[in-house]
Amino acid sequence: MSNPGTPTFDQLRIFLAIVDEGSFAAAGRKLNRAVSVISYGIVNLEAQLGLTLFEREGTRKPRLTVAGRAVLAEARSVGEGIDGLRAKVRGLIEGLEAEVDLAVDVMLPTERLGRILREFAREFPTVSLRLHVEALGAVAAMVLDRTAVLGLSGPLAAGVDGIECVAAGSVPMVPVAAPDHPLGRMEAIPPGAARGHTQLVLTDRSRFTEGQDFSVMSHKTWRLADLGAKHALLREGIGWGNMPLPMIEGDLIAGTLVRLVMPDHRGGTYRFGAIWRRDTPPGPAAAWLLDQFVALGKNDAELAELSDI
């Protein structure tokens, strides 16, 4: 049995045009070709594959054979792949990135991140995205190391040499604990009471936060590099700690966590900044992301009783 030949992309375009338009004549009009050219292309395609793709006898319109229906899905896949390749090349020629590496602070509300990235996928279908979710100074470190071209960082990126920063909103951080935690059971928490209980603290290993503590009050701490793990341990009553309010609002409503009203620690406002290397400005797709983070951040409401972290 002989192996099938390799059809040309033009032959596949003709095949798909006939299927989509319903006739050889309509396919010719769509592709601006004579009907004879369309017929010749299909004859050559069938010869290359060693298959009859259309039933031409006994019907006014060409009808796919069983083999033609089997080939159709693969032909569409090839066609879409070529169209995608051409779109990506056209974007590269026009300066559009092939891929964007984005690093975001773990405190960023996931609803906002999902909304922006959903629109990004629609706006830039040819651009691949690599997303990194990091804590504290790790976002700035990734941008400086060129691992990420754009970052959505917490306040630690402000003033870092070589980095440009634009304000991109904020999130309130509030102290919480499980309702059966000793602090959670107190109707009135006296000043200094939290120092005697284990505080769960988010940490990372970046050079910007090595050896530094932020909003740490307790003499006893558990240090975690994952905000999800911290959330879970808080609900288990293992300790108390600060959490972004949007992440734990459902817990406050359900009663699985309670907000701690401590006179000496009310929490704080955690500010975000969109950052990039001064010597590597973002391309069109990354700049679009930057604008979205900045625009949505302007709508963030701040709690008057909280000062900046």
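Using the average count of surrounding beta-carbon atoms within 10 Å as a protection proxy, the listed peptides 131-137, 16-22 rank, highest first, as 131-137, 16-22.
Packing around the peptides 65-78, 226-239, taken as the average count of other Cβ atoms within 10 Å per residue, puts them in this order, highest first: 226-239, 65-78. Shape class for the range 99-153: oblate, because the ratio a/c of the largest to smallest gyration tensor axis (alpha-carbon atoms, square roots of eigenvalues) is 1.5 or more and b/c is at least a/b. Neighbour counts of other Cβ atoms within 10 Å put MET107, MET262 in the fewest-to-most order MET262, MET107. Here the chain was treated as a single set of alpha-carbon atoms; its pair distances binned every 10 Å from 0 give 6, 21, 20, 14, 11, 11, 10, 5, 2, 0 percent.
Rounded to whole numbers, the Karplus 3J(HN,Hα) couplings from phi for the range 17-26 are 5, 5, 4, 6, 8, x, 7, 5, 5, 5 Hz, using 6.51 cos²θ - 1.76 cosθ + 1.60 with θ = phi - 60°, and x at Gly and Pro.
Return the calculated 222 nm mean residue ellipticity for the chain, to the nearest 500 deg cm²/dmol, obtained by summing -39500 (n - 2.57) across DSSP H runs with n ≥ 4 and dividing by the residue count. List each step's numbers first, then the result.
Working: 9 runs with 118 residues, N = 309.
Counting only the DSSP helices, I get -12000 deg cm²/dmol.
Residues in the range 246-262 carry Karplus couplings, in order, of x, 6, 10, 4, x, 5, 5, 5, 6, x, 7, 9, 10, 7, 8, 9, 10 Hz; the curve used is 6.51 cos²θ - 1.76 cosθ + 1.60 with θ = phi - 60°, and Gly or Pro positions show x.
When +1 charges are put on Lys and Arg Cβ atoms and -1 charges on Asp and Glu Cβ atoms, the dipole computed for the chain relative to its Cα centre reaches about 940 debye. Ordering GLY192, ILE275, PRO263 by Cα displacement along the dipole of the chain toward the positive end leaves ILE275 in first place; charges were set at the Cβ atoms of Lys, Arg (+1) and Asp, Glu (-1). Summing +1 for each Lys or Arg and -1 for each Asp or Glu among the other residues whose beta-carbon sits under 10 angstrom from that of GLY267 gives +1.
Net charge near VAL37: determine it from the other residues with C-beta under 14 Å of the C-beta of VAL37, scoring Lys and Arg +1 and Asp and Glu -1. Taking every other residue near VAL37 into account, the sum is +3.
For MET243, nonlocal amide neighbours, meaning residues 5 or more places apart or on other chains whose placed amide H falls under 5 Å from its own, are VAL174, VAL176.
Taking R0 as 22 Å, what FRET efficiency do you get between ALA70 and ASP20 from their Cβ-Cβ distance, rounded to the nearest 0.05? Don't skip to the answer; put the middle values down first.
Numbers: r = 17 Å, r/R0 = 0.79.
The pair ALA70/ASP20 has a calculated efficiency of 0.80.
Only one residue of ALA232, ILE82, GLY22 has its Cα farthest out toward the positive end of the dipole of the chain, where Lys and Arg carry +1 and Asp and Glu -1 on Cβ, and that residue is GLY22.
Taking the number of other C-beta atoms within 10 Å as the exposure measure, put THR6, THR269 in order starting with the fewest.
On the way: THR6 8, THR269 17.
Starting with the residue having the fewest Cβ neighbours, the order is THR6, THR269.
In a simple Cβ point-charge model (Lys, Arg +1; Asp, Glu -1; nothing else charged), the range 240-309 has a dipole of about 200 debye relative to its Cα centre.
What is the range 174-309 by shape, rounded, prolate or oblate, if you read a ≥ b ≥ c off the alpha carbon gyration tensor as root eigenvalues and call it rounded for a/c under 1.5, prolate for a/b larger than b/c, and oblate otherwise? It comes out prolate by the Cα gyration axes. Net charge near GLY154, counting Lys/Arg +1 and Asp/Glu -1 over other residues with Cβ under 13 Å of its Cβ? Residues near GLY154 contribute -3 overall.
How big is the antiparallel share of DSSP beta bridges in the chain, given as a percent to the nearest 5? Walk me through the intermediate numbers first.
Details: 21 of 37 bridges.
Restricted to the chain, the bridges split so that about 55 percent are antiparallel.
Since every read-out is calculated from the coordinates, none of them should be taken as a lab result. Predicted model only: the values in this text are computed from it and were never measured. In this analysis, Cβ positions are derived from the backbone assuming ideal geometry, glycine residues included, and neighbour counts consider all displayed protein chains.
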